[in-house]
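Notes for the one structure printed next.
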Amino acid sequence: MVSAFPLVRTASPLPADQRAAILDAPGFGLHFTDHMAFASWTPEAGWHDRRIQALQPFSLHPSAAVLHYAQEIFEGLKAYRHADGSVWLFRPESNARRFRRSAERMRLPQLPEQDFFASIEALIRADEPWVPAGTGTVSLYLRPFMFAAEAFLGVRPSRRVVYSVIACPAQPYFNPGGVTLWVSTTYTRAAVGGTGAAKCGGNYGASLAAQTEAERHGCDQVLYVDGADEEACIEESGAMNLFFVTTRGELVTPALGTILEGITRDTVLMLASEFGLTPVERAVPLAELRAGLADGTVTEVFAAGTAAVITPVTGIKGDGYAFMIGGGKPGELSLALRERILDIQYGRVADTHGWLRSVV
Ligand code: PLP
Ligand code: COI
C-alpha cells in the first residue's frame, strides 16, 4: 500500500556511530531522529501536503497565532522494540482519541485517526534504526503535535494549521527510584470548564511557576489540588496521574474531570485486580490523604504516565507538613505494576488485553 505519508528521505542522516552513541544513553527529549512527519490544514483544502521529511525547523511568520495565543496540542507515546527485533506501539488508539478531544477543546481541526497512525508508523519505519534495542526501559518517544500557523493577530481559530510528529530515543523521564511531591496551594493546574483535560501546551507553560515552587521546597514535582480550602481534592502531578494504595486493598485515583485522562492511568486501573486490588475512581480530599499517610492506612503512592511509566512517590510535603512514604523506598505493588506494564510493552508476557499494535 502507498503510505499516506510518503517518505522524502533525508540526504544527511546522522552517521551510524553517532546514532549508536546516543542510543547508549539517550536521556529524554534531547536527541531527535533524522525525520519528522508533516501535514498542513486549511478550511478550503482540509488536510494535505502529508509527508515524512528530513527533521527541519518550521518557517513561521512572527504573527503566527500559536506564538501569541498558544493554540496548540500534543500527544506522547512510545514505540517498543521486542527481543525478536519487532517494533510495537502501546494503546495508540487511545492517544489518537485524546488528540481529537484536545483538538476539539482548542478549536483545532480534527485529524482522522488513520492519519494519526499513518504518520507515526511511517516515521517509525523511516527512522527504524533509532528504536533502541534492549528490552529494559528504553524506547522511541513519539511526540505528535498540532498548532495554529496562520499569520494573523486576532483571537479566533487559526485558518492554517500544521500537524507534525517528531521522535526521540528515551529513557524514563523521572527517577524510577521515586520522586517527592510538593502540594501547591499557591497554584492550581485546572478549573472546572478549563483546559485541564486537554493536552495543550498552555497547561505546561502555566505549570512552570508551580514546578519552581516545588523545587524551592526541595521536591521533585508538584502535587496539584483543586483549591486552597479545607475541602481541596487531589488532582494530579505535572505530567503524571496519581494513585494511592490503602490497607483496605483499594487502589484509589482521582476521578476524571479536570485532570488529564492518562492512558497509563487507565492501564493501571485495568490491571489492578490482577494484583488483588480494587480500583476506585473518586474525589480524594487532601485531608483524607494526609490522614491516611499519618495513620498508615495509605501504604503506597505512585504516579503513572507514558514518560514516567510508574514512578513511586517516596515523599509528600506541603505547607507545614511532610510525610516520608514507605521509608523513602518504592512500594512493592508500585514496582510490581511497573514491571507488569513494562513486560506487556516489551512483549515479555502475553498481551492478553490486545494493547499492542505492530509497526515493524
Ligand atoms: N497528566 C498529565 C498532566 C500529563 O502530562 C500526562 C502525560 O502525558 C499524564 C497525566 C499521563 O498520561 P499518559 O499516561 O497518557 O501519558
Ligand atoms: C508524557 O508522558 O508523554 C508527557 O507528556 C510528559 C511530558 C510533558 C514530558
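Here, each number is a calculation from the coordinates, and none is a lab measurement. If you're wondering where the values come from, they're calculated on a predicted model, not measured in any experiment. Cβ coordinates were reconstructed from backbone atoms using ideal geometry, including for glycine residues, and neighbour counts include every protein chain displayed.
Nearest 0.05, what FRET efficiency do residue 49 and residue 295 give at R0 = 56 Å with Cβ-Cβ as r? The partial results should precede the final answer.
Numbers: r = 60 Å, r/R0 = 1.07.
The formula returns an efficiency of 0.40 here.
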Extension reserve of the residue 60-residue 137 stretch, reckoned as 0.36 nm per residue once the Cα distance is removed
24.1 nm
At q = 0.16, 0.17 Å⁻¹, work out log10 I(q)/I(0) for the range 168-300 with the Debye formula, treating every Cα as an identical point scatterer and leaving solvent out; two decimals please.
-0.88, -1.00
The alpha-carbon pair-distance distribution computed for the range 16-170, with 10 angstrom bins and whole-percent values, is 11, 38, 33, 15, 3, 0
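Give me the percent relative contact order of the range 179-345, please, defined on Cα pairs under 8 angstrom at least 6 residues apart. Show your work: numbers first, answer last.
Numbers: 324 pairs, mean separation 38.7, N = 167.
Relative contact order of the range 179-345: 23 percent.
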Which of 99, 141, 130 sits farthest toward the positive end of the charge dipole of the range 12-148, with +1 on the Cβ of Lys and Arg and -1 on the Cβ of Asp and Glu?
99
In debye to the nearest 20, how big a dipole does the chain give about its Cα centre with +1 on each Lys and Arg Cβ and -1 on each Asp and Glu Cβ?
840
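Can you pull a Stokes-Einstein diffusion coefficient for the chain at 10 °C (1.306 mPa s), Rh from Kirkwood over Cα pairs, as a whole number of µm²/s?
Values: Rh = 21.4 Å.
After rounding, the answer is 74 µm²/s.
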Computed lengthening from residue 335 to residue 84, 0.36 nm per intervening residue step minus Cα-Cα distance
87.8 nm
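Of the listed peptides 269-275, 63-69, what is their order by residue-averaged count of other C-beta atoms within 10 Å, with the highest listed first? Walk me through the numbers before you get to the answer.
Numbers: 269-275: 15.3, 63-69: 18.0.
Going by the mean number of other Cβ atoms within 10 Å, highest first, we get 63-69, 269-275.
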Quick one: if you stick a label point 7 Å off each Cα along the C-beta vector at residue 212 and residue 97, how many nm between them?
3.9
Go ahead and run the numbers for FRET between residue 278 and residue 67, Cβ-Cβ distance against an R0 of 30 Å, rounding to 0.05.
0.05
Per-residue counts of other Cβ atoms within 10 Å, averaged by peptide: what ranking do you get for 56-62, 171-177, 249-255, 121-127, highest first?
121-127, 249-255, 171-177, 56-62
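Are there GluC sites (Glu not before Pro) in the range 25-103 that DSSP marks as loop and that have at most 15 other Cβ atoms within 10 Å, and which are they? Before the final figure, lay out the partial values.
Numbers: sites: 44, 72, 75, 93; in loops: 44, 75.
Taking the range 25-103 and a limit of 15 other Cβ atoms within 10 Å, the loop GluC sites (Glu not before Pro) found are 44.
Calculate for the chain the 222 nm mean residue ellipticity that helices alone would give, adding -39,500 (n - 2.57) per DSSP H run of length 4 or more and normalising by residue count, nearest 500 deg cm²/dmol.
Numbers: 9 runs with 89 residues, N = 360.
The per-residue figure over the chain is -7000 deg cm²/dmol.
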